[in-house]
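Working notes, structure below.
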Amino acid sequence: MEGTAGDASGAPSIAISLADRRLYLTGAGGEVRSFPVAIGRPGVPIPVGDSTILRKRRNPTWRPTAHQRRDKPSLPRAVPPGPNNPLGKFALDLGWPAIAIHGTNEPDSVGRRASGGCFRMLPADIETVFAAAEVGTPVRVVRDSLGGSMPERPAPPTVRTLQAAVRAAPPPATRPQPEAAVPASTAPAVPAVQPPPEPPPAPVADPRCATVTAPLRRLICDVPVLALLDGRARGVQEWFLAGIADPAARATASYDLIQDERRFHERVAALCWIRAGTEGDPAVAAAAQSCLTTALERRLADVADRIAGLRRGTRLAGQP
């Protein structure tokens, strides 16, 4: 992904896609992690281009700009650290005046056009980025999507098979090759037959659907296409765990996947937020379903990547 690879010194870098409403953090080793962000609300200028992190602030004080105080005279001159601070617990000041990557005391706004021009992140996410980035880290903000241009990391055949299974993509058509002239004495009696492709793991229904009441989770359970996407991710996880021979390794992998799923649901609750009591509105439900479809499709890819990483450190049954 152009603009997000580490520089020549192997330092990390950051890219923010306004189209994706996501921040992409590239580590020194080339690994890429992405996080949802809130961007400027409609009518608010959003900086685009290259900048750097000029300052790191832990427990920052928020000082509204003169423009913000003109628009809302009731704003105080400063808000000290604490639960009412709009910057949260961490802030990374950029080279543009009054623009920062920071936390928020309004997590429901993350993933939306809701900020005054800064880039808001969920509390756990900004803590991760704050720890990884240093003063001088390059930051690029682009209008276009970066999700489709993420760099592909080399993977062994078993990982490619897994990723294909997760996406349930049909096997690519093979072009017939011309037959070579073979002496009759060495020609095989029976043509070689290729084994059929491995079928993707079967979807696994969420057992919580019988009792869940949260609007977003209820939507996933009740809409067939969402239930299928959610079930495919769960099915791949169970299929992977069932193939781990060592009980301790299986327990560790299971814990990692559960934590990933918990973080996913925290993020999707912020990205696809529904105000209580409005879930019956057809327009609200349609917007939430579109948001959930995108999030669950990304979840499938994230599960594949996570399992690929676990595979490299886990001995599976039947594998050397």
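Averaging the Cα positions of each part gives two centres, and for the stretch 97-118 and the stretch 271-297 these lie 21 Å apart.
Could you please report the charge total around ARG77, scoring K, R as +1 and D, E as -1 over all other residues with beta-carbon less than 10 angstrom from its beta-carbon?
Surrounding charge for ARG77 is +2.
Quick one: if the Förster radius is 25 Å, what FRET efficiency do ARG218 and ALA301 give, using the C-beta to C-beta distance and rounding to 0.05? Using R0 = 25 Å, I get an efficiency of 0.50. Peptides 124-135, 53-64, 103-114, 70-81 ranked from most to least packed by the mean count of surrounding Cβ atoms within 10 Å: 103-114, 124-135, 53-64, 70-81. In sequence order, the stretch 285-291 has phi-based couplings of 5, 5, 5, 5, 5, 4, 5 Hz under the Karplus curve 6.51 cos²θ - 1.76 cosθ + 1.60, θ = phi - 60°, and Gly or Pro positions carry x. With a 1.4 Å probe rolled over the protein heavy atoms of all chains, the accessible area of SER34, SER115 falls in the order SER34, SER115, largest first.
The values are calculated or read from the model by the stated rules, or taken from the named source; none is laboratory data. These numbers come from a predicted model, not from an experiment. Note that each Cβ is placed from the backbone with ideal geometry, even for glycine, and that neighbours are counted across all protein chains shown. We work out accessible area using only protein heavy atoms, side chains counted, and drop any ligands, DNA or RNA first. Shrake-Rupley method; radii C 1.70, N 1.55, O 1.52, S 1.80 Å.
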